[in-house]
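Laboratory data are not the source of any read-out in this text; all were calculated from the coordinates shown. As the structure is a prediction and not an experimental result, all values here were calculated from the model. Here the Cβ is made from the backbone with ideal geometry for all residues, glycine too, and neighbour counts use every protein chain on show.
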Amino acid sequence: MARFELKLPKMGESVAEATITNWLKVVGDKIEADEAVLEIATDKVDSEVPSEVSGVLVEQLFGKDDLVQVGQTIAIIETEDGDAVPFVEEAVAPEVVAAVTKTVDAAKESVATPADFSDSDKFFSPLVKNIATAEGISISELEMINGTGKDARVTKNDILEYIKNRGDQTAEVPAKSVEAPKVVEAQVPVAQKAAPVSVSGGDEIIEMDRMRKLIAGYMVASVQTSAHVQSFIEVDVTNIVKWREKNKLIFEKREGEKLTYTPIFMEAVAKSLKDFPGLNISVDGDFIIKKKNINLGMAASLPNGNLIVPVIKNADQLNLVGMAKAVNDLGGRAKAGKLRPDDTQGGTYTVTNVGTFGSVFGTPILNQPQVGILALGAIRKVPAVIETPEGDFIGIRQKMFLSHSYDHRVVDGALGGGFVKRVAEYLEAFDVNRDI
């Protein structure tokens, strides 16, 4: 028998950690090689972690909602394969053992109801939670502790130091001052909290899911970071509509792919970014980073109704067939919940199709740290003035609006407006006789 360490695998460039969202196997379950053991979520994508070996799950080292670093051991699987990687116990400092023993003994003697840490937006490790529960530290009190760990997280040493100081302060306070903790709690700043919302008896309260919380945070942070401004332009896409109607069945039969409008628009955006590289940048403090590659993000729907932005890498190097295959692949895997973490990394500019929902135009929020995002409005038949050598007349044309949001910190109106005008020029110049 051997003990195999199941580690959190590398999930793509710049992805360093993930949250455990669900254990698919419990201790004692048999596991086959390549069978999923648990579900995890990064800040963009949900995925499964499969086992590399067959065996029995004997230990789960993390619980649901715990944050795990790439490369950390998350479970132990007992196998009959002598070649399996052996499990190695990590050395634990004596003071840690003493602290944990003390908190476990205290927990056994305590009759208080354990705190529900799911009510907190902050991350606390299982060890910190156990110590807090054993010492009777409330959620609000725990959130007050200044963390010295990564991203200001509370470490074991932080909470033990807090307990030590709290014990010293308690010894100095007279017995009649039992209400002191309430005073301290009331003094916690609340300036950043939203205004209270009144709830009537007939209202239904639904907690946001993890993805919606992340999206909400990103949107607020983006508006607070960038000075958003918009430019709008109307585009005549009659030739594109005629060309697609003429070629969509031929294209699908030959390529095995559906031909939508999206790859045509993405092609025009990629060309325009080569003409206007000032939109293919990001901002880092007082520095502007010019991106070498043109990686186009495309907003896509997830099965739960939320949106995600998979990225078409090196979009300017793709022909229309390659662009159509990339759009269909990413869009299909997004709807099926099969995107990989790397599929959402490295975007330099984003396109969102608000016309899918019938919107004529929109004012999209920037996908940080990008400085531009283009919204595609619905294509509509409208009466329009058509200029000819014989004079002007009224005709029915297929038109749409392009809405360009850009970061006014680094993109002025001439650049932002010039870019969206160039996209319109490429679309209106589309050759109705173009080969596929």
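General remarks:
- Label zone at residue 208, where the point sits 7 Å out along the Cα-to-Cβ direction: segment 293-327 residues whose backbone N lies under 16 Å: 305-308
- Put simply, when 411-424, 368-381, 250-263, 325-338 are sorted by average Cβ atoms within 10 angstrom per residue, most first, you get 368-381, 411-424, 325-338, 250-263.
- Within segment 210-235: backbone nitrogen closer than 13 Å to the residue 408 label point (7 Å, Cα to C-beta): 226-231
- Taken over the alpha carbons of segment 326-416 as equal point scatterers, the Debye sum produces base-10 log I(q)/I(0) values at 0.11, 0.14, 0.16, 0.26 Å⁻¹ of -0.50, -0.72, -0.85, -1.23.
- Of 253/399; 64/213; 248/325; 313/381; 25/213; 25/64, pairs whose Cα-Cα distance is over 22 Å: 253/399; 313/381; 25/213
- Given their separation in residues at 0.36 nm each and the Cα-Cα distance between them, residue 255 and residue 52 gain 69.5 nm when the chain is fully extended.
- Shape summary of segment 227-428, radius of gyration then Dmax from alpha carbon positions: 17.2, 57 Å.
- Chain lengthening between residue 64 and residue 216 when straightened (0.36 nm per residue, less Cα-Cα): 52.5 nm
- With R₀ fixed at 41 Å, the C-beta to C-beta distance from residue 435 to residue 336 puts the FRET efficiency at about 0.80.
- Per residue Cα convex hull volume in Å³ - calculated over segment 2-79: 75 Å³
- Table column - 3J(HN,Hα) (Hz), segment 302-307, Karplus curve with 6.51, -1.76, 1.60, x for Gly and Pro: 9, x, 8, x, 6, 10
- Less than 5 angstrom separates the built amide H of residue 229 from those of 406, 408, all sequence-distant by 5 or more or on a different chain.
- Annotation: amide H of residue 360 within the under-5 Å range of 378, sequence separation 5 or more or interchain, hydrogens built in the peptide plane.
- Exposure proxy ranking, count of Cβ atoms within 10 Å, fewest first, for 226, 140: 140, 226
- Sequentially through segment 63-71, phi angles give Karplus couplings (6.51, -1.76, 1.60; θ = phi - 60°) of x, 4, 6, 6, 8, 10, 7, 4, x Hz, Gly and Pro residues having no value and appearing as x.
- The slack in the chain from residue 396 to residue 356, taken as 0.36 nm per residue of separation less the alpha-carbon distance, amounts to 12.2 nm.
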